Amino acid sequence: MDDLLIALRKELAKKADENTLKSSQRFFKEEIKAYGVKMPVTVNIAKSFFKQIRTLPKDTLFDLCTKLWQSGYLEESMVACNWAYAVRKHYEAADFAVFEQWISTYVTNWASCDTLCNHPVGTLLEMYPGCIGQLKEFVNSENRWMKRAAAVSLIVPARKGLFLDDIIDIADALLTDKDDLVQKGYGWMLKVASGAYPTEVFDYIMRNKSRMPRTALRYAIEKMPQELREKAMEK
């Protein structure tokens, strides 16, 4: 399997572009390690190489994903997320611990965090809602990406009207967090939840707007009607 990773990395390096590398950095406050491959190209490479490993046991495939995460390259983390999501039909509740370890150990930017949490983690939570108790523990971490993950893992379920009580619990726990990427994460979660629960989310925001950072507030109300946005922004 090491030969496959070598070939994958050669393909990523071949598709790298200096202009893409420079433009990618603009989206991150922190320094990122990247080849400079456009995201659609990275996804196509991931899908192409997955054909060679699709019959592997899930644990073996997850081991390959871990090696990709360990490289620190943005594009390799995207491949790992793509492969992990490709085997979602075989998820078990115990896989939550694997995803948690990837977040706590290897995630270093919002793109890797959100791709992993929106899709593999969010899907696993829908399949095994009992894991949400473990997700809620993330809010107690000192790791900004763990705290952001607590919120963004519920983005896709929130679109389906799922887990409102848990969404409110996580928003409560992160309400006054000073990290803007955590604020944007739970604000995004509330914004998506407002699609299915407009009254409940608006009432929550109105109860808490005096303590909610403006960054989180603006994210949370972005899709609401103008008159509700104006009410929420009143001091």
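The values are calculated or read from the model by the stated rules, or taken from the named source; none is laboratory data. Not measured: the values here are computed from a predicted model. Methodologically, a virtual Cβ is constructed for each residue, glycine included, from the backbone with ideal geometry; neighbour enumeration extends over all protein chains shown. When the accessible area is computed, the model is the full protein with side chains, heavy atoms only, and any ligands, DNA or RNA have been set aside. Shrake-Rupley method; radii C 1.70, N 1.55, O 1.52, S 1.80 Å.
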Ignoring ligands, DNA and RNA, what percent of the accessible area of the chain is carbon or sulfur (1.4 Å)? 49
Under the Karplus relation with 6.51, -1.76 and 1.60 and θ = phi - 60°, whole-Hz ³J(HN,Hα) for the range 78-95, x at Gly and Pro, equal 5, 4, 4, 5, 4, 5, 4, 6, 5, 9, 4, 5, 9, 4, 10, 4, 5, 5
Relative to the longest principal axis of the C-alpha atoms of the chain, give the angle of the C-alpha long axis of helix 39-50, reported between 0 and 90° and rounded to the nearest 10°. 50
For the range 8-117, evaluate the Debye formula with one uniform point scatterer on each Cα (no solvent term) and list log10 I(q)/I(0) at q = 0.15, 0.21, 0.24 Å⁻¹, rounded to two decimals. -0.61, -1.16, -1.45
Label-point separation, Gln101 to Lys223 (7 Å along Cα→Cβ), nm: 3.5
What ratio of Cα Rg to 2.2 N^0.38 Å holds for the range 117-167? 1.02
Tell me whether the range 52-170 comes out rounded, prolate or oblate; compute the Cα gyration tensor, take square roots of the eigenvalues as a ≥ b ≥ c, and use a/c under 1.5 as the rounded threshold. oblate
Can you tell me which lysines have their Cα less than 18 Å from the Cα of Lys235? Leave out same-chain residues fewer than eight positions away. Lys209
For the range 2-13, in residue order, the Karplus 3J(HN,Hα) values (coefficients 6.51, -1.76, 1.60; θ = phi - 60°; whole Hz; Gly and Pro = x) are 4, 5, 5, 5, 4, 5, 4, 5, 5, 5, 4, 5
Compute the accessible area per residue over the range 1-126, keeping the other protein chains in place, probe 1.4 Å, unit Å². 50
Return the FRET efficiency for the residue pair Gln70, Val41: r is the Cβ-Cβ distance, R0 is 25 Å, and the value is rounded to the nearest 0.05. 0.65
Taking only the Cα positions of the range 78-136, the convex hull volume per residue in Å³ is 72
Positive end of the dipole of the range 1-118, charges at C-beta (+1 Lys, Arg; -1 Asp, Glu), about the Cα centre: which of Val79, Ala111, Asn44 has its Cα farthest in that direction? Asn44
Computed on alpha carbon atoms, what radius of gyration and Dmax characterise the chain, expressed in Å? 18.6, 60
Value of Rg/Rh across the range 115-235 [Cα atoms, Kirkwood radius]: 0.95
In degrees rounded to 10, the 0-90 angle between helix 164-174 Cα long axis and the longest Cα principal axis of the chain is 90
Would you mind working out the magnitude of the charge dipole of the chain relative to its Cα centre, with +1 at each Lys and Arg C-beta and -1 at each Asp and Glu C-beta, to the nearest 20 Debye? 740
Protection proxy ranking of 42-52, 65-75 - average other beta-carbon atoms within 10 Å, highest first: 65-75, 42-52
